[in-house]
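Take a look at the structure set out below.
The values are calculated or read from the model by the stated rules, or taken from the named source; none is laboratory data. Remember, predicted model here, so these are calculated numbers, not experimental data. Cβ sites come from the backbone with ideal geometry, for glycine too, and all protein chains shown count toward neighbours. Side chains included, ligands, DNA and RNA excluded: accessible areas come from the protein's heavy atoms. Shrake-Rupley method; radii C 1.70, N 1.55, O 1.52, S 1.80 Å.
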Amino acid sequence: DTGVSQDPRHKITKRGQNVTFRCDPISEHNRLYWYRQTLGQGPEFLTYFQNEAQLEKSRLLSDRFSAERPKGSFSTLEIQRTEQGDSAMYLCASSFSPGQGHYGYTFGSGTRLTVV
Amino acid sequence: RKEVEQDPGPFNVPEGATVAFNCTYSNSASQSFFWYRQDCRKEPKLLMSVYSSGNEDGRFTAQLNRASQYISLLIRDSKLSDSATYLCAVNMGPNDYKLSFGAGTTVTVRA
């Protein structure tokens, strides 16, 4: 296990279509995060999981967005009825946080979404 | 006020120079602080954590000023390979496991 894997690397879709992205975290990590990043901005938090439980969702995550992490392993992020404003880099990250303390994230390479 | 703010730069410095920049955060309860490096069209990579007493990793020094709610990053003896965007990341409280990121500070090191 060499890191966080995301698939696909690039996705071009027509407005109104649904898309799904996959993230495979580092196997020892118990937390998994989804972020979105647009040009010139830092990553914006979307949602995160501790094991299989989705613990927090951002207000940015409209009802067109849904994320799952079945069995606490890989995660999927689905965007329904895509809009041009959804075009961004979608980053997945994982971390290991035993109790208190935070050791930072490891990010995947991201999925670059272009909605045309 | 944004949760995390950074001077966007760009900081354009010659090789060998020292460059330093700050990141301010809004929540006094924040406890975890990090600097990430991001190359163009790549994912952010953890550069270093920031500890209360300040810490150093080779040419990089990070400091935390809780009273004024900012962290800083100093790069000594800049290399061409240090050219990147530097993102600061902060959690918003002791039980907050998500990180809030600044928009990044761009550093360009010229020959």
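Of A:GLY3, A:GLY42, which residue is within 14 Å of another protein chain (Cβ to nearest Cβ), without any contact (Cβ under 8 Å) to a residue 12 or more places away in the chain and in a loop (DSSP other than H, G, I, E, B)?
That would be A:GLY42, the only listed residue that is within 14 Å of another protein chain (Cβ to nearest Cβ), without any contact (Cβ under 8 Å) to a residue 12 or more places away in the chain and in a loop (DSSP other than H, G, I, E, B).
Before we move on, is A:GLU52 in contact with a helix residue (DSSP H, G or I) (Cβ under 8 Å, 6 or more places away or on another chain) and away from chain B (no Cβ under 14 Å)? Show your work before the answer.
On the way: in contact with a helix residue (DSSP H, G or I) (Cβ under 8 Å, 6 or more places away or on another chain): yes; away from chain B (no Cβ under 14 Å): yes.
So A:GLU52 fits the description; yes.
Report every pair of residues separated by at least 6 positions or lying on different chains whose Cβ atoms are under 8 Å apart, first residue within region A:49-76 and open to solvent by 50 Å² or more (accessible area, probe 1.4 Å), second in a helix (DSSP H, G or I).
A:ASN51/A:GLY72; A:GLU52/A:PRO70; A:GLU52/A:LYS71; A:GLU52/A:GLY72
Name the strands (runs of 3 or more DSSP E) wholly within region B:38-111 that hold at least 2 residues that are within 10 Å of chain A (Cβ to nearest Cβ) and surrounded by 20 or more Cβ atoms within 10 Å (Cβ to Cβ)? Give the steps one after another, and end with the answer.
Details: elements: B:45-49, B:55-57, B:60-65, B:70-75, B:84-90, B:105-110.
Those strands (runs of 3 or more DSSP E) span B:84-90.
Restricting attention to region A:93-116, which residues are modelled with pLDDT of 75 or more and open to solvent by 20 Å² or more (accessible area, probe 1.4 Å)? Step through it out loud before you land on a result.
Applying the first criterion (modelled with pLDDT of 75 or more) to region A:93-116 yields A:93-96, A:103-116.
Of everything in region A:93-116, those that are modelled with pLDDT of 75 or more and open to solvent by 20 Å² or more (accessible area, probe 1.4 Å) turn out to be A:PHE96, A:TYR103, A:THR106, A:SER109, A:ARG112, A:THR114, A:VAL116.
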